[in-house]
Every structure is written in C-alpha cells, then in structure tokens.
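Report on the structure given below.
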Amino acid sequence: MFTEAPVYSHNPYHTTQFPLLVLNVKNRTCIPFNEGFQILHWHDEVQFVYILKGIVCVKIYDEEFNLQENDCIFINRTVLHHITEKEDCHYHSYIIPARMLSFFSGSIMEHDDVGAIINNPTFTHYLLCSDNLTHSSALNQIRLLDKLYFQDRKYEHHEYRLSIQLSKVWLEFISLLHDRKEVSPSKNYQRIRAIISIIHANYKQPISIQDIANAAHISKTECLRCFQKFVHDSPYQYLLKYRLHMSTSLLIATEMSITDIALAVGFHSISSYIKYFKIYYQTTPYKYRIENKST
C-alpha cells in the first residue's frame with residue numbers, strides 16, 4: 001500500500017530559534033548540502049533566489065526562466081521547481097519560513113500580508129529583473145540582506161538585524177503585487193505534485209509506473225503524459241535519478257557501506273547502483289564520497 005504523503009525539501013533549521021536557511025551555490029556546489037539541490041522539488045517555505053554571477057535556469061512547473069546577474073526570483077511555498085546552472089555561476093537561495101515574516105502568530109500581518117500571498121494557489125512565482133526600474137527598490141533590499149548575511153564581521157544582535165532586513169525585503173516585494181494578474185490554478189500542477197509525492201515517499205521499495213498511476217488515481221497513459229509535460233522524463237527515469245540523488249546524501253553524511261546505501265535507496269544490487277551512478281555522476285560512489293567529504 002503506497003502512501004501519498006508529500007515529501008518536501010528539508011530545512012534543517014526548521015525547529016531552531018532562527019529557522020532561516022540560506023544556500024550558497026557556486027560552481028555547482030551547494031553549501032550547506034540540501035537534498036533539493038538541482039532536482040525537481042518543493043518545500044513549505046517561500047524562497048528568494050538571488051543571482052550574483054552567471055546564468056541560472058529556473059523551471060516552475062512547465063515554464064522556464066533564465067536569470068542573470070542581479071536578477072532574483074520569488075518562488076512560493078509548495079510550488080514545484082528545479083534550479084540548474086547554464087554555466088558556472090554563483091547564487092544565494094533564501095528559504096524563509098512564513099512565521100519569520102508574520103511578526104507573531106494571529107497577527108493582521110500574518111493574515112493579510114503573508115498568508116493571503118503564500119496560500120494563494122494561483123501565485124507560483126514572481127520575477128525581479130535588474131533591468132526593470134519598478135523592481136529596483138525590492139532588489140536593493142535583497143542586496144542589502146545578502147550583504148548583511150554574508151558579511152565577515154557579525155555585529156551584535158545579528159539575527160535581529162537580519163529579521164528587520166527580511167521584513168524590508170518582504171514589504172518592498174509585496175508592494176509590487178497589486179498589479180499582478182490572477183490566473184486559474186492548474187489541476188495538472190496538483191497532479192504532478194501528487195505523482196512525485198508518491199515516488200518520493202516510496203522510492204525505497206519496488207514500484208512500477210502502474211503502481212504510481214493507481215496511487216494517484218489516474219491512468220497509466222495520463223501518468224506518462226503528465227510526467228513528460230512537466231519533467232521531460234519518464235517516471236522510471238525520475239525514480240532512478242531520485243534514488244541516486246538520495247544516495248549522495250548518505251554517501252556524504254553517513255559511514256554506511258556503499259552496498260548498504262545501494263539497498264537502502266531501492267537498488268537490488270551493488271553492481272546496478274554503481275553502473276547508474278557512473279552514468280549520471282561521471283564518477284564512482286566511492287570517489288564521490290571521498291571528494292565531497294573532503295570538500
């Protein structure tokens with residue numbers, strides 16, 4: 001029996017006293033490591049991706065956008081997305097729990113200025129372009145946030161300063177939304193999320209395309225069509241890549257043997273795991289572990 005519980009990209013600071021997660025991505029390396037890096041995913045927080053150098057391709061469901069230096073994109077919570085680098089580049093990803101923007105639970109700000117936006121199923125993303133003058137104030141506040149977060153010297157009350165700057169970013173951002181056109185939410189968005197949720201929740205066990213379709217209450221043909229439209233891959237290929245991807249965190253973060261890791265993520269044999277790992281990562285699991293642990 002397959003579970004349909006969604007699996008989001010994990011924020012390791014979610015239960016801490018300051019749950020802001022900031023990913024520093026440079027030349028295809030993500031610090032700190034995050035399981036959502038370079039794979040189709042979503043999470044329960046809102047996100048600002050700020051480009052410092054190069055070109056980044058952001059895919060939101062079936063739409064793709066190229067962002068350049070000083071551009072930024074807002075990605076709403078629970079929105080399926082995929083971020084890849086078109087060339088060696090550098091960007092910062094701010095993953096922000098809603099409660100950090102609401103001042104306090106039950107506030108009018110939580111209801112009107114945060115909840116009304118992040119819980120709107122028609123609002124998936126918003127581009128902030130450096131060549132658009134109407135976006136300059138919001139981008140300036142994002143630059144100030146970035147400078148504050150990554151400065152070498154941390155002044156007294158650093159978290160308080162960051163919280164104030166986050167509020168400034170959010171205020172400038174939501175001030176731009178009054179002229180945003182509403183669009184009808186797509187049932188296909190919910191469907192592809194449901195399909196991927198099933199894969200994420202059951203990747204460790206044997207699972208066929210028919211199993212996935214049955215769990216999503218759709219036909220096998222519709223399952224394949226939906227996957228091709230949004231993922232440009234078959235469910236089987238996505239499952240294979242997801243198993244490999246999940247194995248990378250075990251290689252880096254644990255001392256499990258490579259055989260145990262292969263079995264833990266759903267491969268039936270070590271030879272099959274190594275074969276596909278070399279195809280997708282151009283190295284062996286052992287070399288990947290050594291190189292990334294030293295990094």
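Points to keep in mind about this one:
- The residues of the range 137-148 that are under 21 Å from Pro97 (Cα atoms) and either touching an Asp or Glu at 6+ places or on another chain (Cβ under 6 Å) or open to solvent by less than 60 Å² (accessible area, probe 1.4 Å) (or both), listed by number, are Ala138, Leu139, Gln141, Ile142, Leu145, Asp146, Leu148.
- Condition met for His245 (on the phi > 0 side of the Ramachandran plot, open to solvent by 10 Å² or more (accessible area, probe 1.4 Å) and not aromatic (Phe, Trp, Tyr)): no
- Thr134 vs. criteria at pLDDT below 95 and open to solvent by 20 Å² or more (accessible area, probe 1.4 Å): no
- Residue in the range 199-216 that is touching a strand residue (DSSP E or B) at 6+ places or on another chain (Cβ under 8 Å), in contact (Cβ under 8 Å) with a residue 24 or more places away in the chain and within 21 Å of Val79 (Cα to Cα) present: no
- The range 212-238, subset open to solvent by less than 50 Å² (accessible area, probe 1.4 Å) and of a type in the set (D, E, K, R), residue modelled with the highest pLDDT: Glu222
- Here Ile95, Ile117, Ile83 are screened, and the one residue that is touching a Leu at 6+ places or on another chain (Cβ under 8 Å) and within 13 Å of Phe48 (Cα to Cα) is Ile95.
- Filtered by the rule that a residue be closer than 20 Å to Leu176 by Cα and in a loop (DSSP other than H, G, I, E, B), the range 46-77 gives Asn70, Asp71, Asn76, Arg77.
- Within the option set Asp113, Asp62, being acidic (Asp, Glu), in contact with a helix residue (DSSP H, G or I) (Cβ under 8 Å, 6 or more places away or on another chain) and modelled with pLDDT of 90 or more holds for one residue only, Asp113.
- Extreme residue, farthest from Leu263 (Cα to Cα), among residues of the range 192-211 that are polar (S, T, N, Q) and open to solvent by 10 Å² or more (accessible area, probe 1.4 Å): Gln210
- Test: Leu145 is touching a residue at least 12 places away in the same chain (Cβ under 8 Å), within 24 Å of Phe33 (Cβ to Cβ) and not in a strand (DSSP E or B): yes
- Selection count, the range 152-170, where residues are open to solvent by 100 Å² or more (accessible area, probe 1.4 Å) and either among the acidic types (Asp, Glu) or touching a residue at least 40 places away in the same chain (Cβ under 8 Å) (or both): 2
- Flag for Val56 being open to solvent by less than 10 Å² (accessible area, probe 1.4 Å) and touching a residue at least 40 places away in the same chain (Cβ under 8 Å): no
- Residues satisfying the stated conditions in the range 84-131, i.e. open to solvent by 60 Å² or more (accessible area, probe 1.4 Å) and not in a helix (DSSP H, G or I): Lys86, Glu87, Asp88, Phe103, Phe104, Ser105, Gly106, Asn119, Pro121, Ser130, Asp131
The values are calculated or read from the model by the stated rules, or taken from the named source; none is laboratory data. On a predicted model such as this, the values are computed, not experimentally measured, just so you know. Positions of Cβ are generated from backbone atoms using ideal geometry, with glycine treated the same way; all protein chains shown enter the neighbour counts. Side chains are part of the model used for accessible areas, which takes the heavy atoms of the whole protein and leaves out ligands, DNA and RNA. Shrake-Rupley method; radii C 1.70, N 1.55, O 1.52, S 1.80 Å.
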